[in-house]
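The values are calculated or read from the model by the stated rules, or taken from the named source; none is laboratory data. Model, not experiment: these values are computed from the prediction. Virtual Cβ from ideal backbone geometry, glycine too; neighbours counted across all protein chains shown.
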Amino acid sequence: MPDQELIDGLVATYRTLNMTVRPLPEEKLRAPINGGGSIREALRRLRDDELKFSQALKVRVTTGQPMPEVAEDEMAVIGTESDDDSTAALIAQFGTARESSLAMLRGLPDAEWDSTEAGPRTIREIIRDLVAYDQRRLQVITAPIGGR
């Protein structure tokens, strides 16, 4: 059985985005925060990172090969995104990628969660790091709006 606490942590990210960020007006989400980027830009990065993660996880789960390293500046492409996408669209795109990741994880046999046959790190370790990354990104996204 997959690690339910980790699965719940991945689900919580999408839930937080839907409950805390989605209802806000687009102008507020596009406004600069802390003298830098915007909430929307931070969310776009989270979406892009999830798209890349989901693809890398698919490689590991379907081929048994180590998860490929993805360059930070490498573009994530789903084919429908544009610079004009609303924040709600970014959240939906993130959710689609996250659900794909969750579907793969829920279908993994118990032994796969702790196997090191496909690389030095286990799926459990990788997902633990992803949950921690999500929490850090959510702080950046929700702090300016008083969330979390």
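Condition first: among the charged types (D, E, K, R) and in a loop (DSSP other than H, G, I, E, B). Now tell me which residues in the range 115-148 satisfy that. Don't jump to the end; show me each part of the working.
Initially, the range 115-148 is screened for residues among the charged types (D, E, K, R), giving 117, 121, 124-125, 128-129, 134, 136-137, 148.
Within the range 115-148, 117, 121, 148 meet the criteria.
Restricting the search to the range 50-68, which residues are exposed (fewer than 14 other Cβ atoms within 10 Å of the Cβ) and in a helix (DSSP H, G or I)? Write out each step before concluding.
Going through the range 50-68, the residues exposed (fewer than 14 other Cβ atoms within 10 Å of the Cβ) turn out to be 62-65, 68.
Across the range 50-68, the qualifying residues are 62, 63.
Give the residues of the range 90-112 that are under 16 Å from residue 53 (Cβ atoms) and within 12 Å of the chain's Cα centre (by Cα), sorted by residue number.
Matches in the range 90-112: 90, 93, 94, 95, 96, 97, 98, 99, 100, 101, 102.
Out of the residues in the range 119-133 meeting the condition of being aliphatic (A, V, I, L, M) and surrounded by 14 or more Cβ atoms within 10 Å (Cβ to Cβ), tell me which one is farthest from residue 12 (Cα to Cα). Write out each step before concluding.
Within the range 119-133, the subset aliphatic (A, V, I, L, M) is 123, 126-127, 130-132.
Still in the running and surrounded by 14 or more Cβ atoms within 10 Å (Cβ to Cβ): 123, 126-127, 130-131.
Values: 123: 19, 126: 17, 127: 13, 130: 12, 131: 9 Å.
If we take residues in the range 119-133 being aliphatic (A, V, I, L, M) and surrounded by 14 or more Cβ atoms within 10 Å (Cβ to Cβ), then 123 is farthest from residue 12 (Cα to Cα).
For the condition loosely packed, with under 15 Cβ neighbours inside 10 Å, at pLDDT below 95 and β-branched (Val, Ile, Thr), what is the one hit in 87, 116?
Working: 87 fails: loosely packed, with under 15 Cβ neighbours inside 10 Å.
Criteria check complete, one pass: 116.
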